[in-house]
Structures are given as C-alpha cells and as structure tokens.
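One structure is given below, encoded as structure tokens.
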Protein chains: 2
Amino acid sequence: MADSGSPGGETLLFLTDEQLRKGIEAMFFAYRAFTADPDRLLEEYGYGRAHHRALHFINRQPGLTVTTLLAVLGVTKQSLNRVLRTLIEDGLVESRVGTRDKRERRLHLTAEGETLERALSEAQRGRMRSAYRAAGPQAVAGFRQVLEAMMGPDLHKLYQMMKDD
Amino acid sequence: MADSGSPGGETLLFLTDEQLRKGIEAMFFAYRAFTADPDRLLEEYGYGRAHHRALHFINRQPGLTVTTLLAVLGVTKQSLNRVLRTLIEDGLVESRVGTRDKRERRLHLTAEGETLERALSEAQRGRMRSAYRAAGPQAVAGFRQVLEAMMGPDLHKLYQMMKDD
DNA sequence: TTGGATAGTCAACAAGGCTGACATAAAGTC
DNA sequence: GACTTTATGTCAGCCTTGTTGACTATCCAA
C-alpha cells in the first residue's frame, strides 16, 4: 500500500493513547451537554431522565411491550416499573392489554404524553441540530460511524430495531 | 440552488428530525457501552463511576485544586468530597496543601491510584480504540467535530484545558 | 481588621439504579 | 387437566450519587 491508509504508518496517529483520551473526554463533556436541555425541562414537570427515556422509546415504537422496553433501556423491571407507574398515573402513558397475548402490556403515549415527549425531544434535537449544522454532513457521518462501532453488536441490534428514517 | 453543497437543498437531509433522533439514540446506546467496561472493573474495587471520573482528571492534571476539579466534573463540592474522601482514605489520592496559597488542596494520584486509573483507562480505551479503528481516521475527525460542537462553549473550554496530545 | 474566597463537614433528602421474594394471569406443554 | 414457563406487577430494602442548607476554619487582600 502506498502511503495513506497503510496500517502501521503515520495514519495511525489517531489511535494514540492521547487521542483516545481526548475522545473519552469529548464523550464525557458532550454527553453532559446532551442531557442538560431536557433535564431542565423535566425538572419543571417533576420528572427525571428515566421518564424521558421511557417516553422517547414509547414514542418511537408505539405499542411496544414492557419486556422490549426493558431490554432497550437496560434496567431492571422494578426500576422501570416505578417510572412507568407514575407516567401512567399522570396520564402520559397508556397501558393496553395485548390482543393476541393477554399477558403483554402494550405501551402508548396519550395526547398529553406526546406533548411532553415532543417538548423534550425538541430541546434535545435543538442542540443536536446546531452541532450537526456546525460540523457538516461528512462529520455527522463519521460521528454516527464511530458511535455505532462503539456500541457493540448487542446494543447495535437494539439501535437498529428503532424505526429508521 | 444547484444540488450538492447548496444550503437548503438535498444535502440538508442530515438535519431531518428522524436523522437527529437516530443521532440521539446513537449517543444513548454508545454512552452505555462507553461506561460499561470501566463499571465492571470499578465494581470489583467497590467504587462507582464518580470515583473513576475523579481519578481520570486528577491523573490528567496532577496537582489540580479541588475547585478546578469541581468545575470540570460539574458537581457540588459535597458530592465530590464524599468520593474524594474515600479515595484519600484508601490511599489512591493524595491531597497536598498548596505552597503559594495554603487554602488550596493540590490533588495527586499515589502509585496505587495510578495503577487503578491505568486499568480503568485501558478498559475504556480498548473499546474506543476498536471503534476508532473500525471507523477510520476521517470518521474519527467527524466524531470529534460533532462532539465538540455539541458540548457548547463553556464545556469546550474545560475540555481544552485538559493536557493535549 | 474585615470581607471574600477556598476548603471541609454534618445532616437530610431524592432519583434511580440494584437484589430478592412473591403474586397473578395467560400461554404453552405433556 | 396438571404442570411449567412467561409476562407483568409489587413490596421491601439497599447503594451510589446527586442535591440544599448550615456552619466552621483558614487565608488572602484591600
């Protein structure tokens, strides 16, 4: 191989421990900013980040079962149930008994739930949009590539389960 | 406008709400994987993620003050102090009174602290390295660009304060 | 000498993870 | 039909890690 793209050459400087550390720190700081906007909104409603995550994925896959949501969120059912219970009590989420399998609970957002989800999502998308716009389409493609490689096969499967563009 | 590279044309499809949502989910899943490896290690030692973060930044900037670390981590001093106290008691971190300003406590890792930090860092860098390698240098550049744009000016300042490559 | 900055401590509380134990209903199996 | 498995929910209790508020001590600088 000529020069660029050759393994072991200068092109591997991006795999330096120092470069990796900067990447780690970038993830740390960016994730903090990433959650800051919805967190502010959630506080007004008396909810936490866990509620946001539940609302997000119920919105993405209306009618998903509790077990599926459990797998997507990666928490215990007790932990999810606490969050889900308040959302149902407050009328943001509706839990319908499954038609084929009556053990299942299929989760849907109510109109009110959709309103909050939209507000949270818009807050988060706002930051994401300006970051995307500032970095440009090619950078965004790279961003997605690295994140997808980082999440590993199991999480990538869940990631792809979500409704695509 | 023509077609490629023109603002407002098809090249802005990466700013779609659906694209932004996928980016949000990629951050969510990738961050989970990102913390999973060190978390496993930490559990063996009876520490949490907060301890990891403290060790990381003390290692990066040996001799930093508590106030600086507070700003970098974005938590209250009570919260940090609890973590810092256990690390000092366990002999992983040393707190030296400042020479010029004796109010300051300058934080350093002990040899034992460096050992744990290295183990945690290596676990985390391992995943980062394979993601970088899989995605390639151009993708990595885009990844960093988007994250830096996402963190906003305040966090970007802290980010740049950290020792560069 | 007084005011502000830096550091630490104590107490109390909340969110949101976790485990373990147990209950119920539905579905599947033998 | 009896038994097992699956899906869900619930109770109790624990841990980490964040929060606020109040208070102390030290030191620097005006």
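Below is a table of values for the structure above.
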{"item": "Residue in the range B:53-60 that is away from DNA strand D (no atom under 13 Å from the Cβ), in contact (Cβ under 8 Å) with a residue 40 or more places away in the chain and farther than 30 Å from A:Q145 by Cβ present", "result": "yes"}
{"item": "Selection within the range A:26-76 - open to solvent by less than 10 Å² (accessible area, probe 1.4 Å), among the aliphatic types (A, V, I, L, M), within 11 Å of another protein chain (Cβ to nearest Cβ) and closer than 27 Å to A:K102 by Cβ", "result": "A:V72"}
{"item": "A:L84 being within 8 Å of DNA strand D (Cβ to nearest atom), of a type in the set (A, V, I, L, M, F, W, C) and under 16 Å from A:L55 (Cβ atoms)", "result": "yes"}
{"item": "So A:R106, is it within 13 Å of DNA strand D (Cβ to nearest atom) and either assigned to a helix (DSSP H, G or I) or not polar (S, T, N, Q) (or both)", "result": "yes"}
{"item": "Filtered residues of the range A:124-134 (kept if crowded, with 23+ Cβ neighbours inside 10 Å and either more than 7 Å from chain B (Cβ to nearest Cβ) or out of contact with any Gly (no Cβ under 8 Å at 6 or more places or on another chain) (or both))", "result": "A:Q124, A:A131"}
{"item": "Hey, A:L70 hydrophobic (A, V, I, L, M, F, W, C), at pLDDT 95 or above and either more than 15 Å from DNA strand D (Cβ to nearest atom) or outside any helix (DSSP H, G or I) (or both) or not", "result": "no"}
{"item": "Any hit, the range B:148-159, residues being closer than 17 Å to A:Q19 by Cα, open to solvent by less than 10 Å² (accessible area, probe 1.4 Å) and without any contact (Cβ under 8 Å) to a residue 24 or more places away in the chain", "result": "yes"}
{"item": "Test: residue in the range A:109-116 that is in contact with a Gly (Cβ under 8 Å, 6 or more places away or on another chain), at pLDDT 95 or above and not in a helix (DSSP H, G or I)", "result": "yes"}
{"item": "Count of the range A:77-93 residues which are surrounded by fewer than 17 Cβ atoms within 10 Å (Cβ to Cβ) and either part of a strand (DSSP E or B) or within 8 Å of DNA strand C (Cβ to nearest atom) (or both)", "result": "4"}
{"item": "Enumeration of residues in the range B:58-67 that are near DNA strand C (Cβ under 7 Å from one of its atoms) and part of a helix (DSSP H, G or I)", "result": "B:V66, B:T67"}
{"item": "Any hit, the range B:140-154, residues being under 29 Å from A:A135 (Cα atoms) and within 16 Å of DNA strand D (Cβ to nearest atom)", "result": "yes"}
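Residue-wise test of (1) of a type outside the set (S, T, Y); (2) under 24 Å from A:A33 (Cβ atoms); (3) at the interface with chain B (Cβ under 7 Å from one of its Cβ atoms); (4) open to solvent by 10 Å² or more (accessible area, probe 1.4 Å).
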site: A:L107; (1), (2), (3), (4): yes, no, no, no
site: A:E117; (1), (2), (3), (4): yes, yes, no, no
site: A:E122; (1), (2), (3), (4): yes, yes, no, yes
site: A:G136; (1), (2), (3), (4): yes, yes, no, yes
site: A:A141; (1), (2), (3), (4): yes, yes, yes, yes
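The values are calculated or read from the model by the stated rules, or taken from the named source; none is laboratory data. Here the structure is a predicted model, which means the values were calculated and not measured. Positions of Cβ are generated from backbone atoms using ideal geometry, with glycine treated the same way; all protein chains shown enter the neighbour counts. We work out accessible area using only protein heavy atoms, side chains counted, and drop any ligands, DNA or RNA first. Shrake-Rupley method; radii C 1.70, N 1.55, O 1.52, S 1.80 Å.
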